[in-house]
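The values are calculated or read from the model by the stated rules, or taken from the named source; none is laboratory data. This is a predicted model, so every value here is computed, not measured. Counting neighbours? That spans all protein chains shown, and the Cβs are built from the backbone with ideal geometry, glycine included. Each accessible area value is taken on the protein alone, full model and side chains, heavy atoms only, with ligands, DNA and RNA left out. Shrake-Rupley method; radii C 1.70, N 1.55, O 1.52, S 1.80 Å.
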Amino acid sequence: MLEPIDRTPRPDDLMSMPDARGHFGPYGGRFVADTLMAPLAELTAAYEQLKHDPDFIAELDYDYRHYVGRPSPIYHARGLSKAVGGAQILLKREDLNHTGAHKINNTIGQAMLAKRMGKTRIIAETGAGQHGVASATVAARLGLECVVYMGATDIERQAINVYRMKLLGATVVPVTSGSKTLKDALNEALRDWVTNVAHTFYIIGTVAGPHPYPAMVRDFNAVCGREARAQMLAEYGRLPDALVACVGGGSNAIGLFHPFLNDREVAIWGAEAAGEGIGSGLHAASLVAGRPGVLHGNRTYLLCDENGQVRDTHSVSAGLDYPGVGPEHAWLKDIGRANYVGITDDEAMAAFHQLARCEGILAALESSHAVAQGIKLARELPKDKLVLVNLSGRGDKDIYTIAKREGMSL
Amino acid sequence: MSTRIETRMAELRTAGRCGLIPFLTAGDPHPDWMAEILHALVEGGADLIELGMPFSDPMADGPVIQKSSERALERGMTLDRTLAIVREFRQRDAATPLVLMGYLNPVEYYGWEQFAANAKAAGVDGLLIVDCPPEEADSVRPVLARHALDQIFLASPTTTEARIAIMGELAQGYVYYVSFAGITGADLLVMADVGARLDALRRQVRVPIAVGFGVKTAQQAAALAPHADAVVVGSALVEHLAASASLTDAQQRARDFLQPLRRAIAVARTPETV
């Protein structure tokens, strides 16, 4: 069920990364202060053991079905496809999961791991609040204390999710250092973890951070890609011609992409947030416009100034507003297996409206970036081609942002 | 030829004295005052100086150093300006070892080869890169070796025996022992734990051991002194200097802050702890 991480990556098997030290080619690794080296080794050992444990796998599988509501369907967006006039657009409906996004695939796995490791307290970082909500949700269910670090700026922007977390019993701690956004929340969570490591489990929300997080978070999210691959074969008799997902840190994207990496005939497209345009400097497109560096415990593509200081990023979608990206995406870009492109705020908004009007689905602004790229691809392809877009979350959380952007007050 | 760090550590050993290592962020309290403040630290009793290279995302640091880094960056601090401070300091002090402490990313963007060459030329003796443990230092090590810069590693209460053995092999200059599992400047120092751990560590590692994180008072420094080759004080000093009204004030504050610490740790140690 969970993919094994092979200790010796094979060049012909793109699913065999990372190596034993968490490297995806030159990316990934474990760039942390000494104090965290032992806890990370302990976490790696616990995860390596549990992911092969039949009881753990059965429990996770049960929760995916009965609590999350998996499997999520693949929906043929006929109306949108017709309007675009090209290839058929298929949507992997992660927006139908409990809590409204893919994030729960990961938090449920990590919280179960925390419980098995005897940890009584979980911490998480959050940007838009989706990962915070997904963490607070599983913590409530498993009876674990939950503390969520959130940038003070994001707390103002995402009042509804802050309240959701509080209703679920979590403590939301405002982070006032640095740019007061997601990257600073991650720093603060790491500081908490290093201080309280004996009884605390840190649930990282994306495929970044030090090893084993990029591999572990990917494995939990890959339930989406494994399902999608089986559903395509069962329902369409073949694999899709292209996969599309939005990439902030990149967890929903790698979750869809990973089980298809060895299917070389399937093209892979990641849509990063180009904000107000790459040329404007106001964006969050690390792979498209960044260069390799080290942040939050791993080597990957980053958006920095010329002195290596991490830059403030911009996107209409808070969930993509991150200056780094998961190291596996950095590697997939370099070897040419996946293509990464920028989608602007305006393009994402247009896709949001088109999907709403053609299909009756309000997509999350993050996922709207993937929809926009899916529309672009479909337009260039003949009608018999299949483009599978990860609809990673629903848009209810974004209606205030959208209304404000369009000059309305609710 | 001995390095400046080796020479200084040998002097301390001969004198039977525990060393004092102050930490300041380059550029805080003011970019133009730094070299003069470093001289004041030496006058106040500094045996070696750690100078922080400010970074936008200092994940191992507590609020005091975070704010200090933010202030330094807001005032336009860069690696080149940090090296300029070292060059200026070296014009009048050729003896006090100086170690740059910081995070990988700014150095990666600068370029390791160029940075190591420029740092050595400026008079830097060693580098302590907080987020570069020995496991990730393979590519860095030969560059630093080529430029005769010591690579200083961190050890902590959670460091396993196996990793201490590796550090024992790779360590240069000194090992910086982090006194508790936490961030810089926190109030988590428990003397009894630290002392026993330091004694064990000094038997396993051939280079001297400096201890820091959370050392704020002369009493704390005095309690650590019998167990360590040097004591590092950072956050408390940075905080004390942050309110400086002028360079003269900052120099006075630097001396006033270090002198009682220096007196407190100036204890002769019994032969078996040396």
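Below are the figures for this structure:
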item	result
Subset of the stretch B:86-105 [open to solvent by less than 10 Å² (accessible area, probe 1.4 Å) and not hydroxyl-bearing (Ser, Thr, Tyr)]	B:Val86, B:Phe89, B:Pro97, B:Leu98, B:Val99, B:Leu100, B:Gly102, B:Leu104, B:Asn105
Close pairs from the stretch A:24-35: first of a type in the set (Ser, Thr, Tyr), partner in a loop (DSSP other than H, G, I, E, B) and open to solvent by 20 Å² or more (accessible area, probe 1.4 Å), Cβ under 7 Å, at least 6 apart	A:Thr35/B:Thr158; A:Thr35/B:Ala181
Within the stretch B:52-68, considering residues that are among the polar types (S, T, N, Q) and either in a loop (DSSP other than H, G, I, E, B) or open to solvent by 10 Å² or more (accessible area, probe 1.4 Å) (or both), the one farthest from A:Gln309 (Cα to Cα)	B:Gln66
Odd one out for A:Thr44 among (1) more than 14 Å from chain B (Cβ to nearest Cβ); (2) open to solvent by 10 Å² or more (accessible area, probe 1.4 Å); (3) not acidic (Asp, Glu)	(1)
Residue within the stretch B:161-172 that is over 30 Å from B:Arg4 (Cβ atoms) and touching a Pro at 6+ places or on another chain (Cβ under 6 Å) present	no
Filtered residue count, the stretch B:164-192, keeping only those that are under 23 Å from A:Ala41 (Cα atoms) and open to solvent by 30 Å² or more (accessible area, probe 1.4 Å)	4
Candidates A:Ala215, A:Ala185, A:Ala208 - the one that is closer than 26 Å to A:Gly324 by Cα, touching a Gly at 6+ places or on another chain (Cβ under 9 Å) and part of a loop (DSSP other than H, G, I, E, B)	A:Ala208
Unique match (being open to solvent by less than 50 Å² (accessible area, probe 1.4 Å), among the aromatic types (Phe, Trp, Tyr), in a helix (DSSP H, G or I) and away from chain B (no Cβ under 11 Å)) among A:Phe201, A:Phe220	A:Phe220
Pair list, Cβ < 6 Å and 6+ apart or interchain, from the stretch A:181-196 residues that are more than 11 Å from B:Gly62 (Cα to Cα) and more than 8 Å from every other protein chain (Cβ to nearest Cβ) to residues that are open to solvent by 30 Å² or more (accessible area, probe 1.4 Å) and aromatic (Phe, Trp, Tyr)	none
Near pairs, Cβ below 7 angstrom, 6+ apart or cross-chain, from the stretch B:90-119 (closer than 18 Å to B:Ile37 by Cβ) to any residue that is modelled with pLDDT under 95	none
Single unsatisfied condition, A:Val207 versus (1) among the hydrophobic types (A, V, I, L, M, F, W, C); (2) more than 13 Å from chain B (Cβ to nearest Cβ); (3) open to solvent by 10 Å² or more (accessible area, probe 1.4 Å)	(3)
Evaluation of A:Leu302 against (1) in contact with a strand residue (DSSP E or B) (Cβ under 7 Å, 6 or more places away or on another chain); (2) within 11 Å of another protein chain (Cβ to nearest Cβ); (3) in contact (Cβ under 8 Å) with a residue 60 or more places away in the chain (one fails), failing number	(3)
Residue within the stretch A:261-277 that is open to solvent by less than 10 Å² (accessible area, probe 1.4 Å) and in contact with a Pro (Cβ under 7 Å, 6 or more places away or on another chain) present	yes
Residue under evaluation A:Thr344, criteria (1) open to solvent by 20 Å² or more (accessible area, probe 1.4 Å); (2) closer than 25 Å to A:Met216 by Cα, criterion not met	(2)
Selection count where residues are closer than 21 Å to B:Met59 by Cβ, part of a loop (DSSP other than H, G, I, E, B) and within 14 Å of chain A (Cβ to nearest Cβ), scope the stretch B:197-233	2
Residues that are exposed (fewer than 13 other Cβ atoms within 10 Å of the Cβ) and either aliphatic (A, V, I, L, M) or touching a residue at least 60 places away in the same chain (Cβ under 8 Å) (or both), drawn from the stretch A:51-72	A:Ala58
Residue in the stretch B:45-58 that is more than 14 Å from chain A (Cβ to nearest Cβ), touching a residue at least 24 places away in the same chain (Cβ under 8 Å) and more than 14 Å from the chain's Cα centre (by Cα) present	yes
Subset of the stretch B:25-44 that is more than 15 Å from the chain's Cα centre (by Cα) and in a loop (DSSP other than H, G, I, E, B) - its residue that is farthest from B:Ala243 (Cα to Cα)	B:Gly44
